[in-house]
Amino acid sequence: MLKIKHKLHKIKGDASFREFYRKKIKSKSSIIIFSKKEKRKNLLIYDAINKILIMNKFIAPKLIYQEYKNNFIEVKDLGKQTALDVIKRKKSKFSTFEKIIDLLIKMQGIKTKKIKNFQNQLYKIPTYNNKMLFNEAKLFCDWYVPENVRKNKSKINKILVTKIKNLLQKLKLKNDTFVHRDFHVSNLMYFKNKLAFIDTQDAVIGNQAYDLVSLVDDVRYKTSKNFKKKIYNFYLKKNKKNINENFFLNDFEILSVLRNLKIIGIFTRLAKRDNKKLYLKLIPYTWRLIDLRCQNNELLKDLIIFLHKYFPKKIRNKYGN
């Protein structure tokens, strides 16, 4: 357990193995992040990515103090207000998304790929290659299939593995862009009226479409089909010079489906392994996002027919909402 001299207030955590505490001394506050499991990623790499963001003129939690041997770091407190909080209050939600898209495009311009961490070791941001993407999408096979299919589990998974590999071969864009990897409105803070990053430890160099997928097809914040299209088109309009629109749409839809298969797998794992059952209620909407992206894409037609055959509506809507 975390032992520290000052009074700490535990704050809401996330799906990771981290614990968060707000430390207050008079009018000053900071955040203590405690992580015994996966501590290299959650403490060391997290700070390294934040350093890269800060040196590129972005706002991210700056390291104040570290006791890595005791499994914690102390970082700057970016407050309690997320971009989601601001969106929920505003009449025009889209104006906030415009600012988020501007931030995304600026972030995608980051060229820094290496940095020294607080242990004076060089950290190089990994490439989000097809092997990584495959292993993530396969979480659907590893966790969701065993929980929701009674017969022919190995046969279904064998076919799914082939389909996932085939889709990965259809991606057209290079892995040459700074990718936050969990870029959505709950992972952006409003600090002194400016957008700031949190939850950065999974950053990679990957596909330009990936973070827009995270933002537009956010499983935690439901938006209409038209609103999603509006955000997508705004990104294209702002970034026209740097995009082959056909290649981009192809990768956007494939990555959305693969990402959402991964998410269904992760949410099932969180419920089964970690007893975090609240994530299960997000699964039906995640399925709807998969349906949406498969609607008009010939490459995904075969996959959605297969998924609907073995995962009918009753299974997909099992957890309500």
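The values are calculated or read from the model by the stated rules, or taken from the named source; none is laboratory data. Because the structure is predicted, anything quoted here is derived from the model rather than measured. Neighbour counts run over all protein chains shown; Cβ positions are idealised from the backbone, glycine included.
Couple of notes before you dig in:
- Every test in (1) surrounded by fewer than 16 Cβ atoms within 10 Å (Cβ to Cβ); (2) over 29 Å from G79 (Cβ atoms); (3) within 20 Å of the chain's Cα centre (by Cα) is passed by K241 save one, and that test is (3).
- Elements of the type helices (runs of 4 or more DSSP H) sitting completely within segment 66-141 and holding at least 1 residues that are closer than 30 Å to L8 by Cβ: these cover 83-89.
- Assessment of segment 278-294 against the conditions (among the polar types (S, T, N, Q) and assigned to a helix (DSSP H, G or I)) yields at least one matching residue.
- N242 falls short on exactly one of the conditions (1) in contact with a Phe, Trp or Tyr (Cβ under 7 Å, 6 or more places away or on another chain); (2) more than 20 Å from D182 (Cα to Cα), and that condition is (1).
- Out of S224, S214, sole residue that is under 20 Å from G109 (Cβ atoms), hydroxyl-bearing (S, T, Y) and free of Cβ contacts under 8 Å to residues at least 60 places away in the same chain: S214
- In segment 165-179, the residue that is nearest to D302 (Cα to Cα) out of those that are in a loop (DSSP other than H, G, I, E, B) and among the charged types (D, E, K, R) is K170.
- Set side by side, the residues D274, D251 differ, and just one is acidic (D, E) and modelled with pLDDT under 95, which is D274.
- Residue in segment 117-144 that is nearest to N175 (Cα to Cα), counting only those that are charged (D, E, K, R) and touching a residue at least 40 places away in the same chain (Cβ under 8 Å): E136
- Residues of segment 69-113 satisfying the condition of being in contact with a helix residue (DSSP H, G or I) (Cβ under 7 Å, 6 or more places away or on another chain) and exposed (fewer than 12 other Cβ atoms within 10 Å of the Cβ): K90
- Sole residue being in contact with a His (Cβ under 8 Å, 6 or more places away or on another chain) and either modelled with pLDDT under 95 or of a type in the set (S, T, N, Q) (or both), chosen from S186, S154, S224, S214: S214
- Which listed residue is among the basic types (K, R), buried (at least 18 other Cβ atoms within 10 Å of the Cβ) and modelled with pLDDT of 95 or more, from K116, K51: K51
- Meets criteria (acidic (D, E), part of a loop (DSSP other than H, G, I, E, B), closer than 22 Å to S92 by Cβ and touching a helix residue (DSSP H, G or I) at 6+ places or on another chain (Cβ under 8 Å)) for D218: yes
- When I254, I205, I263 are checked against the criterion of being closer than 29 Å to Y123 by Cα and in a helix (DSSP H, G or I), I263 stands alone in meeting it.
- Looking across segment 274-321, the residues that are of a type in the set (D, E, K, R) and touching a residue at least 60 places away in the same chain (Cβ under 8 Å) come down to K276, R293, D302, K318.
- Residue count for segment 85-107, restricted to those that are at pLDDT below 95 and aliphatic (A, V, I, L, M): 2
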